[in-house]
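Notes follow the structure.
Rule-based calculations on the coordinates, nothing more; no lab input. The model shown is predicted, which means the values in this text are computed figures rather than measured ones. Reconstructed Cβ throughout: ideal geometry from the backbone, glycine too, with neighbour counts over all protein chains shown.
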Amino acid sequence: MTIRIVTDSSADLPADLVQKHQITVLPCYVVVDDQTFKDGVDIQADEFYVRLQAKGRTPTTAQPTVADFQEVYRDLVGRGDQLISIHVSGKLSGTLNSAEQAKASLEDGAPVEIIDSQLASIPLGLAVLDAAIIAAEGGDYLDVAAKVRQGLTSHHGLFALDTLEYLQKGGRIGKARAFMGSVLNVKPILRLQDGEAHPVERPRSRERAMRRLVELTQDLAPVRRLAVIYSTDPERMAELKQKLTGLVPDDQIIEARFGSTLGTYIGPDALGVAVTQGAR
């Protein structure tokens, strides 16, 4: 039996890695001006960010449906595959609920293991990548799932936002609410912790935010795997990547982009870093 890894589009994994590791990605949904799109399928990042910044209704997002999961699970299980389905934090999305309902509709004993990553965006992507690499080594899917769960605490995410406006509008501000009331002229840095975004600090400029993002990432050394991510400014991401090459060689740093699911809340001009801790 082959162990297949399933995730959702909020993982923001680059297409080449998805293809290389044969990862199945269920698209989340984004609603823009009363039109519903599948993230990364019906709408790409460039178009989404143009529409996000235009005057109009604030975009909203929705998790893949139970039917979406059922279709994927039944197809893969029907081929004789064992599945490990790893998804965005249950504190941020109802995606896990859809997955659990879909699993419950399968025959008893169907080889599907569902994991709450407690992560989002490219930190989730790194956890999914690790799972695919572990799965490729063989073994029982339950043993692989156990290893993936044990490794979840080694994945970290830091995000430098240009504004908290989109998190607030989208109702996903969570612990970052502590920064509200002083949002003018600050570039807040958030950390993924215990399944949600926690405030770290609030630099007064993009330059200071970049410097602190680098310093906070360096504090996570030793680093086994590293990714950088952006919403609308690839040049700033390239600068961030260059500043982090002391941790991981340049050609081994993964470059990613916030898709429309996370982009709805992260907003334009955002940067992020994901780290998998451990010796290389």
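Taking amide H as placed 1.01 Å from N in the peptide plane, A256 has its amide H under 5 Å from the amide H of V228, I229, Y230, each at least 5 places away in sequence or on another chain. For V214, V41, which order do you get if you count the other beta carbons within 10 Å of each Cβ and list the fewest first? Lowest to highest Cβ neighbour count: V41, V214. Charged side chains reduced to their Cβ positions (Lys and Arg at +1, Asp and Glu at -1) give the chain a dipole of some 1060 debye around its Cα centre.
In terms of other Cβ atoms within 10 Å, V31, V144, V128, V273 run from fewest to most in the order V31, V144, V273, V128. Close amide H partners of A197, meaning residues 5 or more places away or on another chain with modelled amide H under 5 Å apart, are K175. Spatially close Lys pairs in the chain, defined by Cα atoms under 23 Å apart and a spacing of eight or more places or different chains, total 18. Amide hydrogen proximity for D39: with H placed 1.01 Å from N in the peptide plane, the residues at 5 or more positions away or on another chain lying under 5 Å are C28, Y29, V30.
Altogether, the Stokes-Einstein calculation at 20 °C and 1.002 mPa s, with the Kirkwood radius of the range 154-277 over Cα pairs as Rh, returns a diffusion coefficient of 149 µm²/s.
Overall dimensions of the chain, expressed as equivalent-ellipsoid semi-axes from the Cα gyration tensor (√(5λ), whole Å, largest first), are 30, 23, 16.
Based on Cα contacts under 8 Å between residues 6+ apart, the range 13-59 shows a relative contact order of 31 percent.
The sum of -39500 (n - 2.57) across all DSSP H runs of n ≥ 4, divided by the residue count of the chain, sets its helix-only mean residue ellipticity at 222 nm to -10500 deg cm²/dmol. Phi angles across the range 231-248 convert, under the Karplus curve 6.51 cos²θ - 1.76 cosθ + 1.60 with θ = phi - 60°, into 3J(HN,Hα) values of 9, 10, 10, x, 5, 5, 5, 4, 5, 4, 4, 4, 6, 9, 5, x, 8, 9 Hz, Gly and Pro given as x.
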